[in-house]
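The values are calculated or read from the model by the stated rules, or taken from the named source; none is laboratory data. Given the structure is predicted, the values throughout are model-derived calculations rather than measurements. Cβ atoms come from the backbone with ideal geometry, glycine included; neighbour counts cover every protein chain shown.
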Amino acid sequence: MKKFREGFMQVLFMLSALVSIIAVALICIFLFANGVPAIREIGLADFLTGTSWKPEQNIYGILPMIIGSIYVTAGAMLIGVPIGILTALFLVHFCPAGLYRFLKPAVDLLAGIPSIVYGFFGLTVIVPAIRNGLGGSGSSMLAASVVLGIMILPTIINVSESAIRAVPESYYEGSLALGASHERSVFFTVLPAAKSGVFAAVILGVGRAIGETMAVIMVAGNQPRMPAGLFKGVRTLTANIVLEMAYAADLHRGALIATAVVLFVFILIINLSFSLLKRRAKL
């Protein structure tokens with residue numbers, strides 16, 4: 001009976017893994033089967049480097065959206081990564097137990113808030129603040145970066161906290177024994193020892209930021225043009241797909257699916273780059 005149970009669980013786990021692999025494979029097949037023909041018809045160079053997106057004239061250039069996605073994601077990481085890592089360090093090594101009982105559920109609550117709520121917050125608070133304080137319409141690259149920076153905080157905080165807690169206590173105690181202060185021990189001994197997990201947190205944060213759609217649509221302005229400044233409107237790859245997919249047909253629809261292919265490859269390259277950096281950091 002025990003062997004049967006073990007064999008059954010082994011088959012169950014294998015089937016679960018196969019379902020995940022098949023799901024990813026089907027998504028890839030759908031994207032490339034529908035997107036590659038459109039890229040071939042438009043022309044790879046024209047599609048990736050074109051600066052105009054005019055579906056009514058069969059002009060499909062996604063360079064403004066690519067650059068917009070890079071800028072917005074980079075801005076979100078500049079905001080979210082330092083705050084997230086420092087918050088994780090505070091929760092593990094500086095936070096009083098009484099405060100932790102309130103702060104930790106608050107961080108977890110941030111992870112459960114729907115993206116549309118973040119977008120509404122950005123539309124009613126961040127956009128007017130930028131408009132009144134810095135000028136312009138307020139719907140801008142800066143607004144999108146701030147909203148995304150807030151959205152990725154719970155992911156970076158939770159993963160980084162787990163990585164920091166996984167560092168053996170002997171590292172910290174050894175640093176104290178050698179005469180380092182509490183702060184130096186945390187920042188120069190514990191944090192470097194947890195860099196592998198922190199890298200993972202950053203990767204997940206990048207994936208969350210670059211793949212976000214609804215919140216960005218509500219605050220970014222969504223003009224399909226080359227980014228003109230921090231306080232100007234911008235359109236990302238995901239926003240481009242969502243805004244036009246409902247009424248797209250024929251080549252227009254294929255171009256939007258091809259945009260998803262580019263986004264897929266883009267995220268894959270980011271993950272591979274971080275993996276290489278992670279391997280080099282271990283050497």
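In table form, for the structure just shown:
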quantity: Test: F188 is under 16 Å from the mean Cα position of the chain (by Cα), farther than 22 Å from S137 by Cβ and either in the same structural domain as A74 (by TED's automatic domain parsing) or of a type in the set (K, R) (or both); calculated: no
quantity: Count of residues meeting criterion [without any contact (Cβ under 8 Å) to a residue 60 or more places away in the chain and surrounded by 17 or more Cβ atoms within 10 Å (Cβ to Cβ)] in region 254-266; calculated: 1
quantity: Residue, surrounded by the most Cβ atoms within 10 Å (Cβ to Cβ), within region 191-215, restricted to residues that are under 8 Å from the mean Cα position of the chain (by Cα) and hydrophobic (A, V, I, L, M, F, W, C); calculated: A209
quantity: Pair list, Cβ under 8 Å, 6 or more apart: region 205-222 residue touching a residue at least 40 places away in the same chain (Cβ under 8 Å), other residue among the aromatic types (F, W, Y); calculated: V206/F274; I210/F266; A215/Y118; M218/F120
